[in-house]
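*Asks:* Quick one: this structure, given as structure tokens, is what I'll be asking you about.
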Amino acid sequence: MQQLTALDAIFINESDTQFQHICDIMIFDADGPGLTLEELRAVVEPRLHLIGPLRRRLVEVPFGIDEPYWIEDPDFDLGNHLLEESLPAPGGDRELAELTAQIAGQPLDRSRPLWELHLIHGLEGGRTALIKKFHHAAVDGASGLEIVGILLDPTPEPREVPAPTEEWRPDTVPQESEMLLRGFAGAVTRPLRMFEAQQRLLQNLPKPGEPILRPTGDQSTDGGFLSAPGQAAPPTPWNRKITAERSVALGSVPLSDVKEIKNRFGVSVNDVIVAVSAGGIRRWLQERNALPSKPLLVGVPISVRTEEERTQFGNRVSLLIATFPTHLATAEERVRAAHEAMKVAKEEHNAIGANLMGDMGELMMPALQARASRVTASLDLPEAPEALEEVLRWNLSISNVPGSRVPLYLAGHRLQAHYPVGMVHERQGLMITLFSYLDAIGFGLVSDPALVPDLWHLLDLIKDELQQLKDVPVES
């Protein structure tokens, strides 16, 4: 048995409308009949020992008095996790996105290991797709990428997989009484863990007289830019209660275009992504007369995984919260503002510490975390923006993960495109995720269609913003 970390356990809290799994859409070139379920199984089965989460299921501690445990599932059946479906005609991106939304809108079965692979037939041109669905308690973005690297190969010929060094042994599902005893033992140590977490948090607070917020950038432009801690997030149409429904939009842009902009403005790829997303969202909000005068706030997940932790699973992730320059009128202003805001957010994050999320998880037992989540979800504030502003910490999340620069293959079938699909949460019914592969950056947008009914239009606005920024001349 292996106990979840406090950070892993944060992602266990779910409801009838909020699910804590992340997806990937991988599209493979047509090659003969396309990828088959038998070929997929022949790849996954001999690699099970290389990916620990594939055979681990969750066991809860009664009353949520301590973090849950992973056990090696004695009832593990690979067939329960390899699923096969077909798209309706014409089998284009929209049909694939709609099916992905249906899959993303269903919770994973907690009586089994928390993952699924959906093999999708019926794509245009004889292509096939694989939708990878993993619970965030088991993997984060970086460890999910590690799983892709284990399942796919750098050559059409699958590599030889080393045999396991020891035989896999399933666990016996523990009795509730045993889990209760384990929970009591963990509860005894929690005050010490809470004290240590509080000490780490206090050590990283600013000294008396040292401000957390520091103005940066051009002070003549809307008063400069501030790092996000302490700022209020102005509510938007998607910062409301969510339903269980999901919508997905996917598309790609040339990586060369993003790099060209990056080089011309002297910023990072991530700065460009934040800027064009802000521009597209600004236009979307303007069309609805819903653009706040203040900038939005964006949460940017970042990996804090060390090189030694690279092959480990679970979560080693933290979050930057930065100003999102939707209040600025021109594309050039937005890219420079995004650069400054991300720089300050990184400085503040480094000052607070990379383990902030894990330390926060130590401060409250899982039962209280779950209760707090339910209370927050039950608050009905759509007509009270001032009250909602007090609840919101950021408006949306953007996650950008760099991928392989060389072609990858699954059972000899070449990976053509890769689109990530994140999660939406209560009061945050929109997330933008990106994954670079070869010479393209794949966008995956996910939302609650009741809050963002025209997600494909929003994606078009973001892509158009990239083209506008590409055409902006830079003053020498």
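The values are calculated or read from the model by the stated rules, or taken from the named source; none is laboratory data. Here the structure is a predicted model, which means the values were calculated and not measured. Cβ placement follows ideal geometry from the backbone for every residue including glycine, while neighbour counts extend to all protein chains displayed. Remember, those area values only see protein heavy atoms, side chains included, never the ligands or the DNA or RNA. Shrake-Rupley method; radii C 1.70, N 1.55, O 1.52, S 1.80 Å.
*Asks:* Yes or no: segment 282-298 includes at least one residue that is aromatic (F, W, Y) and closer than 19 Å to Q428 by Cα.
*Replies:* Within segment 282-298, the first condition is being aromatic (F, W, Y), and the residues that meet it are 284.
Checking which are closer than 19 Å to Q428 by Cα leaves us with 284.
Yes.
*Asks:* In segment 138-151, is there at least one residue being touching a residue at least 60 places away in the same chain (Cβ under 8 Å), assigned to a loop (DSSP other than H, G, I, E, B) and open to solvent by 20 Å² or more (accessible area, probe 1.4 Å)?
*Replies:* No, every residue in segment 138-151 fails to be touching a residue at least 60 places away in the same chain (Cβ under 8 Å), assigned to a loop (DSSP other than H, G, I, E, B) and open to solvent by 20 Å² or more (accessible area, probe 1.4 Å).
*Asks:* Further, regarding this structure: Go through (1) under 18 Å from S252 (Cβ atoms); (2) of a type in the set (G, A, S); (3) surrounded by fewer than 22 Cβ atoms within 10 Å (Cβ to Cβ); (4) modelled with pLDDT of 95 or more and name the single condition S111 misses.
*Replies:* (1)
*Asks:* Now for a separate question. Determine which member of the set E178, E167 is at pLDDT 90 or above, more than 26 Å from G403 (Cα to Cα) and in a helix (DSSP H, G or I).
*Replies:* E178
For (1) closer than 30 Å to A187 by Cβ; (2) touching a residue at least 40 places away in the same chain (Cβ under 8 Å); (3) touching a strand residue (DSSP E or B) at 6+ places or on another chain (Cβ under 6 Å), each residue gets a yes or a no:
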{"position": "P74", "(1), (2), (3)": "yes, yes, no"}
{"position": "L78", "(1), (2), (3)": "no, no, no"}
{"position": "E95", "(1), (2), (3)": "no, no, no"}
{"position": "D109", "(1), (2), (3)": "yes, no, no"}
{"position": "P113", "(1), (2), (3)": "yes, yes, yes"}
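So that you can scan it fast, the table gives a plain yes or no per residue for (1) farther than 30 Å from S318 by Cα; (2) part of a strand (DSSP E or B):
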| site | (1), (2) |
| --- | --- |
| D24 | no, yes |
| L40 | yes, no |
| L54 | no, no |
| L83 | yes, yes |
| G91 | yes, no |
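*Asks:* Still on this structure, I have one more. Of the conditions (1) in contact with an Asp or Glu (Cβ under 9 Å, 6 or more places away or on another chain); (2) open to solvent by less than 10 Å² (accessible area, probe 1.4 Å); (3) farther than 17 Å from G144 by Cα, G34 clears all except one; give me its number.
*Replies:* Here G34 clears every test but (1).
Matching residues to (1) out of contact with any Pro (no Cβ under 8 Å at 6 or more places or on another chain); (2) within 30 Å of G105 (Cα to Cα):
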residue	(1), (2)
A233	yes, yes
K241	no, yes
L250	yes, yes
K262	yes, no
I281	yes, yes
Q312	yes, yes
H327	no, no
T330	yes, no
V335	yes, no
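*Asks:* If only one of L445, L415 is assigned to a strand (DSSP E or B), open to solvent by less than 20 Å² (accessible area, probe 1.4 Å) and more than 24 Å from L320 (Cβ to Cβ), which one is it? Please lay out each step first, then the result.
*Replies:* On the way: L445 fails: more than 24 Å from L320 (Cβ to Cβ).
Just a single option satisfies the conditions, and that option is L415.
*Asks:* Among the residues in segment 101-110, are any assigned to a strand (DSSP E or B) and of a type in the set (V, I, T)? Write out each step before concluding.
*Replies:* Of the residues in segment 101-110, the ones assigned to a strand (DSSP E or B) are none.
Checked segment 101-110: no residue is assigned to a strand (DSSP E or B) and of a type in the set (V, I, T).
*Asks:* Could you please tell me which pairs satisfy a Cβ distance under 6 Å, a separation of 6+ or placement on different chains, a first residue in segment 262-283 that is assigned to a helix (DSSP H, G or I), and a second residue that is among the aromatic types (F, W, Y)?
*Replies:* A278/F324
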